[in-house]
1. Pick out the one residue from A:GLY107, A:GLY135, A:GLY119 that is within 12 Å of chain B (Cβ to nearest Cβ) and among the small types (Gly, Ala, Ser).
2. Collect the residues in the stretch B:128-144 that are touching a residue at least 40 places away in the same chain (Cβ under 8 Å) and open to solvent by 20 Å² or more (accessible area, probe 1.4 Å), keeping them in residue-number order.
3. Looking only at the stretch B:273-291, decide whether some residue is within 12 Å of chain A (Cβ to nearest Cβ), open to solvent by less than 40 Å² (accessible area, probe 1.4 Å) and under 23 Å from A:ILE113 (Cα atoms).
4. Residues in the stretch B:185-204: is at least one in contact (Cβ under 8 Å) with a residue 60 or more places away in the chain, out of contact with any His (no Cβ under 7 Å at 6 or more places or on another chain) and open to solvent by less than 60 Å² (accessible area, probe 1.4 Å)?
5. Scan the stretch B:75-88 and tell me whether some residue there is more than 30 Å from A:CYS290 (Cα to Cα), open to solvent by 70 Å² or more (accessible area, probe 1.4 Å) and more than 21 Å from the chain's Cα centre (by Cα).
6. Among the residues of the stretch B:205-224, how many are open to solvent by 30 Å² or more (accessible area, probe 1.4 Å), farther than 20 Å from B:ILE307 by Cα and under 25 Å from the mean Cα position of the chain (by Cα)?
7. Mind checking which residues of the stretch A:102-119 are surrounded by fewer than 18 Cβ atoms within 10 Å (Cβ to Cβ) and either without any contact (Cβ under 8 Å) to a residue 40 or more places away in the chain or touching an Asp or Glu at 6+ places or on another chain (Cβ under 7 Å) (or both)?
8. Could you count how many residues in the stretch B:87-118 are under 19 Å from B:LEU22 (Cβ atoms) and of a type in the set (A, V, I, L, M)?
Amino acid sequence: MNNSYVGIDVGSISTKGVILDNNNKILASVYLWTEGNPISAVKKIIKSLELQIKGKNIVIKGIGVTGSARKLIGTILGANIVKNEITAHAVGTISIHPDVKTILEIGGQDSKIIIIEDGIVVDYAMNTLCAAGTGAFLSSQAKRLGVDVKEFGNIALESKKPTKIAARCTVFAESDLVHKAQIGYKKEDIIAGLCNAVVNNYLNNVAKEKKIKAPIVFQGGVSKNEGVVKAFEKELNEKVYVDECGHLTGAIGIAILSKKENSNIEFNLNIENIKFENKGVECKKCPNNCDIICIYKDNTLIDSWGNKCEKGDSIQPANVNQV
Amino acid sequence: MKKKIISFPHMGNYYIPIKYLLTKLTNCDIMLSPPITKKTLELGSKYSPDFVCIPFKYNLGNYIESLENGANILMQCGGGCRYGYYAEVQQQILKGLGYNFEFYSLTENDKLAAISMYRMFKKINKKLSIVKFLYYTILTLKMISYMDKIDIYIRANIGFEEEEKSFENLLKEMHKDLESTKGFIHLRKTYIKYNKLFRKIKLNKPSNCLKIGIIGELYTCMEPFSNYFLEKNLAKMNVEISRRTNVTYLVIKKRFNTKKILRECGNYCKYTIGADGTDNVSEARMLAKKGYDGLIHTKPFGCTPEIGAMSILQKVSKKEKIPILYFTFDSHTSEEGIKTRLEAFYDMIKMRRENNE
């Protein structure tokens, strides 16, 4: 009987799942699009994970959930740990690269930098208010240029003279890009310029005033883009490592954290046939109109959140259906 | 003649002393603006210039809700940065919306001075004598200073209360008692009574708990709604919170300590930054020296003095080895992003602490 731990990272764009054994070795892993529906994405993930470990005599001793939908999914799976993605990413990366000093991460909606000293997080920063220079921006620009976003990196590498594109703000970047395309710059030069713009934006906003020391690990969906990786290396004058399983580090990290919880419960992954439903209710007791989210498992309420004051306390399980 | 009804914008719990002062100095009705809610912010944002900072929007929302409820005299009190011009702009916007009201600002030429304040109250209440004015103004200031003292104790300990909400409930009682203050001696008795009661609340506080300091722009620091109940969320994580910015500090202490504050900045500042920037740099340095585990800096989007302070704070953070989390608030209402960053910050300082031990 082998103990193992499940880690799930539910991001805005993609959902990742892994199963680790006692020595943090990956037994199974899945990566798929969230498509705006975290519950169904997680159901698919669990199903696929189960298929991969079938017949291997494995007992699940912990479930950890991270990512922007962690609260919702954590409740549904009955996870023993629900943690933010910054901590999860740091723990996951340290398990792969014990000597890492800087983690750069650019995801679908957010970007962050984590500074590590002697195996612990000492500083971090995350983009605020604005999603400039993240994966979502790159993929929308790819569409505009008629290029598959997966091809983006390779095309960028072909360029010899990257075009200068304003990096400060995506609105300016976009109008710059349209303008440059119309006056006849080559497509690969524009794409390479865009990759440089993403890097400059990141270094000027998120990583501002942070000391970036080697070894540097680059993660998140955008790390799969060779053009951005090269632009980072050129700008920082250091080797930037990108892992094969870089997209899974958040999930790995949370699985490790769930192992550290040392729970003795055996978890069940059989959620495929259970009906989960989430209902948003607006409390009408004061003008604040708190949005209260209620989670139902086979029509019984298991959790609710979003309520800010005692007035909303009565809007709980039983009364919800009336509203 | 129509009955005069005064109203003013909210900031934290300070509506209690302000209401008290207005009741004593004027013969008008005092109407509290409804508590800040999402609707306040929506109303405020709708009629504000887009790039104005968030306190303007909250204030304007408060005014509109008060005017809708029948207020016809509005008050503003701001200064230091561009806040000093807000009174005029808000007045214009509200007049443009077709409301009929009188507008008074407690500050004149960006300064809060007793003489100009007296002149202003004289316009509302012609019979007001200077003695009465001074008596109640000083009494109110004393009340504020007692409230702030109690708040400092609460902030440091609320994360460790054994019984949930014991601090919150007692604070509500104290506020009720303060409303019926009769004079200096009575006020002092109330303070002593509640000070004892607060210290009697059972705590479960380890001696080496995590400590976080809050610095930053005054409104986002002091109005819990505008910072998404930052202090409440921190308290849930069992940390000791310290915050120097309060009305006592801004109105009284800061006035007499300008040079001391600049000195406290050490080599980081040679000149003052403007508004509360210098204060925050000095506070960051002092808290770092006291061994605080982390700092949280709050500012509204586009706050110029704090943006100036931020680049210096980054140096403080590096040299004094204290992590600082920066928050920028505007009229977006997604609380999750803030919670994620706060949680990660807590995890980080906890890990740092464990590593150092």
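1. Being within 12 Å of chain B (Cβ to nearest Cβ) and among the small types (Gly, Ala, Ser) holds for just one of A:GLY107, A:GLY135, A:GLY119, which is A:GLY119.
2. Selection gives B:LYS132, B:TYR136, B:THR137, B:LEU141, B:LYS142.
3. No, the stretch B:273-291 contains no residue that is within 12 Å of chain A (Cβ to nearest Cβ), open to solvent by less than 40 Å² (accessible area, probe 1.4 Å) and under 23 Å from A:ILE113 (Cα atoms).
4. No - not one qualifying residue is present in the stretch B:185-204.
5. Taking every residue of the stretch B:75-88 in turn, at least one turns out to be more than 30 Å from A:CYS290 (Cα to Cα), open to solvent by 70 Å² or more (accessible area, probe 1.4 Å) and more than 21 Å from the chain's Cα centre (by Cα).
6. 2
7. Across the stretch A:102-119, the qualifying residues are A:GLU117, A:ASP118, A:GLY119.
8. 7
The values are calculated or read from the model by the stated rules, or taken from the named source; none is laboratory data. Since this is a predicted model, take the numbers as computed values, not measurements. Don't worry about glycine lacking a Cβ; one is built from the backbone with ideal geometry, like all the others, and counts go over all protein chains shown. What goes into the accessible areas is simple: the full protein's heavy atoms, side chains included, and nothing from ligands, DNA or RNA. Shrake-Rupley method; radii C 1.70, N 1.55, O 1.52, S 1.80 Å.
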